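The block underneath contains the structure these notes are about, expressed in structure tokens.
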């Protein structure tokens, strides 16, 4: 691709006179037909690295991102520039989805944004088959690494999907890859080491401060900091949803314009907060990590961590949302060691109980050669979180025990937009007869038809794929609307392990290692907060940017050595705590039969079985949440 054409596109379409560091190298790599890994800090301009090539390549650019806010903002901006872009996510209605599918079918769509979960939709994958996909862009690519800070099992399947769809090239993008995670990403997508583009994480305009602070003093310390600075856009990050509500209420009572934002709020409430913040009507958002991902607001002047961040990767992402306009921004941690207990306790919620993990694996090994499962049902039966269930399946696939045959929905709700006779009149007699027979297998409801593809396939002696393809075709043509329910995942039992007990032991060890690794990451946050050297230099070293010098600006460089963080929360449970545990045990809840289940309950860690038993509403749920999980577990097993 001539360099002149690339720069003309940059200037005329995107309105930039020059590239940011690393962008041109990544784009050149893709246009030369090679896959690439781009590791840019938050706000470093990753999106241009696939948006610009998308306009110069023949075919579709498919963008996989877990961030709905990012997808919405980018698609809106691209459309304003006259670029055919669209997104498929949970907020898209049936009519808009059908319009997108028509654009996908006629080849007019240049960029399509999807969430990773869309890859679990068999009809969507059928629509992609045979269509030229010039570029597959994977945002938050660090999620592919099981040792990364935000592992998502569905990401590990993207590499195989890229091969099956015969994509032209892959662009993996992340802002938080350590050298080890970067190596995992390159290996998954066969990216050469020389096609990894890493730009500096150094942000001199971000002024880093760590302020040791007791839990009792934090509110007043936060309010004092806010009042010392001019009114400005800022984010206050907290760990718990309850804390977000309480701190926002406290700030409002003190005359600061602040709103809470967390995953427990209704979608319309979160949208209203985000819109007010983006427009400048709202000064501060007090948020869990649910806020900020994909938010492109250039003039955020302050990031406060009311609680310690979960990992240094999270911290780097969160402070990276400040000062994107290049102007100075204040980034302060109000550091208290009490936070370590709650953060560590979260890590124990994902570790399955050895007996239940063994039961799950043994159940899977007893299945027929081909079988399907509901992750939701398995989660409830074995009291293992759905994400962890999905991770178990991924590990079994990696070991060659299972092979996914594809996700599917076991039932459809169908609403015809015309009469069946009118629809069939547009088809030749053979196809019309097939459609009439197909819909004869559906059960009529008051408004919707209910159709089970497996039952219809068996009744008509037709492959299931023909049933789902016919429904998808009619939906694409606007003849009907559908709602799908009952997501199931199909698998093939590739081979029985020679030593099932050894396999189970290896899986148990893997989850134990992950738990230990997560705790080590948390200790890394504590080490950062208590260290004696330059804060900026510590972060750059962590992300593989060696040989950097001190910033001479952060709180350590300005004011000297760090100090141990204050801790006020109790560490050892006593007689009162034992009495609480004995009282709950005497209630004989089946969902709390195992010591680890009861420990989770007492520490306020939700689990599938406890949630279904409505135990999260129990007055003693989370009563011992200030105590370390392992201390409570030790007490219960003594």
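The values are calculated or read from the model by the stated rules, or taken from the named source; none is laboratory data. A quick note: this is a predicted structure, and the numbers were derived from the prediction, not measured. So basically every Cβ, Gly included, is an ideal-geometry build from the backbone, and we count neighbours across all protein chains shown.
Taking the conditions exactly as written (touching a residue at least 60 places away in the same chain (Cβ under 8 Å) and either buried (at least 18 other Cβ atoms within 10 Å of the Cβ) or in the same structural domain as residue 167 (by TED's automatic domain parsing) (or both)), does residue 9 satisfy them or not?
Values: touching a residue at least 60 places away in the same chain (Cβ under 8 Å): no; either buried (at least 18 other Cβ atoms within 10 Å of the Cβ) or in the same structural domain as residue 167 (by TED's automatic domain parsing) (or both): yes.
Here the answer is no, as residue 9 does not meet what is asked.
Considering 542, 528, which residue is within 19 Å of residue 150 (Cα to Cα) and either crowded, with 20+ Cβ neighbours inside 10 Å or in contact (Cβ under 8 Å) with a residue 60 or more places away in the chain (or both)? It would help to see each step written out before you state the result.
Numbers: 528 fails: within 19 Å of residue 150 (Cα to Cα).
Of the residues listed, the single one that is within 19 Å of residue 150 (Cα to Cα) and either crowded, with 20+ Cβ neighbours inside 10 Å or in contact (Cβ under 8 Å) with a residue 60 or more places away in the chain (or both) is 542.
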Would you check if residue 349 is within 21 Å of the chain's Cα centre (by Cα), surrounded by fewer than 18 Cβ atoms within 10 Å (Cβ to Cβ) and more than 30 Å from residue 283 (Cα to Cα)?
-> yes
Considering residues that are exposed (fewer than 15 other Cβ atoms within 10 Å of the Cβ) and assigned to a loop (DSSP other than H, G, I, E, B), the number found within region 269-288 is 2
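Residues are listed down the side, and each one gets a yes or a no for (1) out of contact with any helix residue (DSSP H, G or I) (no Cβ under 8 Å at 6 or more places or on another chain); (2) more than 24 Å from residue 117 (Cβ to Cβ); (3) at pLDDT below 90:
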position: 293; (1), (2), (3): no, no, yes
position: 303; (1), (2), (3): no, yes, no
position: 327; (1), (2), (3): yes, yes, no
position: 334; (1), (2), (3): no, yes, no
position: 342; (1), (2), (3): yes, yes, yes
position: 377; (1), (2), (3): yes, no, no
position: 393; (1), (2), (3): no, no, no
What residue, of 56, 31, is more than 27 Å from the chain's Cα centre (by Cα), touching a residue at least 24 places away in the same chain (Cβ under 8 Å) and farther than 23 Å from residue 198 by Cα?
-> 56
Going through region 158-175 in order, the residues found to be surrounded by fewer than 21 Cβ atoms within 10 Å (Cβ to Cβ) and out of contact with any strand residue (DSSP E or B) (no Cβ under 6 Å at 6 or more places or on another chain) are 159, 160, 161, 163, 164, 166
Look through region 125-145, keep the residues that are part of a loop (DSSP other than H, G, I, E, B) and buried (at least 19 other Cβ atoms within 10 Å of the Cβ), and return whichever of them is farthest from the chain's Cα centre (by Cα).
-> 145
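I need the helices (runs of 4 or more DSSP H) fully contained in region 427-514, keeping only those with at least 2 residues that are under 32 Å from the mean Cα position of the chain (by Cα) and at pLDDT below 90.
464-476
Scan region 559-576 and give yes if some residue there is assigned to a helix (DSSP H, G or I), within 23 Å of residue 340 (Cα to Cα) and either modelled with pLDDT of 90 or more or touching a strand residue (DSSP E or B) at 6+ places or on another chain (Cβ under 8 Å) (or both), otherwise no.
Quick first cut of region 559-576, residues assigned to a helix (DSSP H, G or I) only: 559, 575-576.
Of the ones still in play, those that are also within 23 Å of residue 340 (Cα to Cα) are 576.
Cutting the leftovers down to either modelled with pLDDT of 90 or more or touching a strand residue (DSSP E or B) at 6+ places or on another chain (Cβ under 8 Å) (or both) gives us 576.
Scanning region 559-576 turns up at least one residue that is assigned to a helix (DSSP H, G or I), within 23 Å of residue 340 (Cα to Cα) and either modelled with pLDDT of 90 or more or touching a strand residue (DSSP E or B) at 6+ places or on another chain (Cβ under 8 Å) (or both).
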For region 81-96, pairs from a residue that is without any contact (Cβ under 8 Å) to a residue 40 or more places away in the chain and in the same structural domain as residue 69 (by TED's automatic domain parsing) to a residue that is surrounded by 14 or more Cβ atoms within 10 Å (Cβ to Cβ) and in a loop (DSSP other than H, G, I, E, B), with Cβ under 8 Å and 6 or more apart or across chains, are 84/109; 84/110; 85/109; 85/110; 86/109; 88/115; 89/115; 90/115
Taking the condition closer than 22 Å to residue 127 by Cα, in the same structural domain as residue 131 (by TED's automatic domain parsing) and at pLDDT 85 or above, does residue 103 pass?
-> yes
Of the residues 48, 78, 67, which is surrounded by 18 or more Cβ atoms within 10 Å (Cβ to Cβ) and in contact with a strand residue (DSSP E or B) (Cβ under 9 Å, 6 or more places away or on another chain)?
-> 78
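Under the condition of being in a loop (DSSP other than H, G, I, E, B) and within 25 Å of the chain's Cα centre (by Cα), which residue from region 590-610 is farthest from residue 341 (Cα to Cα)? Don't jump to the end; show me each part of the working.
So the first thing to find is which residues in region 590-610 are in a loop (DSSP other than H, G, I, E, B), and the list is 593-594, 604-607.
Still in the list and also within 25 Å of the chain's Cα centre (by Cα): 604-607.
On the way: 604: 12, 605: 12, 606: 16, 607: 18 Å.
Within region 590-610, the match that is farthest from residue 341 (Cα to Cα) is 607.
Counting only residues that are within 25 Å of residue 159 (Cβ to Cβ), give me the helices (runs of 4 or more DSSP H) lying completely in region 1-119 with at least 2 of them. Write out each step before concluding.
On the way: elements: 3-12, 23-31, 48-56, 68-80, 94-106.
Of the helices (runs of 4 or more DSSP H) lying wholly inside region 1-119, those with at least 2 residues that are within 25 Å of residue 159 (Cβ to Cβ) span 23-31, 48-56, 68-80.
Looking only at region 196-242, how many residues end up being assigned to a helix (DSSP H, G or I) and surrounded by fewer than 19 Cβ atoms within 10 Å (Cβ to Cβ)? Steps first, answer last, please.
Residues of region 196-242 assigned to a helix (DSSP H, G or I): 215-228, 241-242.
With the extra rule that they be surrounded by fewer than 19 Cβ atoms within 10 Å (Cβ to Cβ), the set shrinks to 215-217, 219-221, 223-225, 227-228, 241-242.
Selection size over region 196-242: 13.
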Counted residues in region 222-243 being farther than 23 Å from residue 298 by Cα and in contact (Cβ under 8 Å) with a residue 24 or more places away in the chain come to 5
Among the residues of region 560-585, write down those that are surrounded by fewer than 11 Cβ atoms within 10 Å (Cβ to Cβ) and under 30 Å from residue 199 (Cα atoms).
-> 560, 561
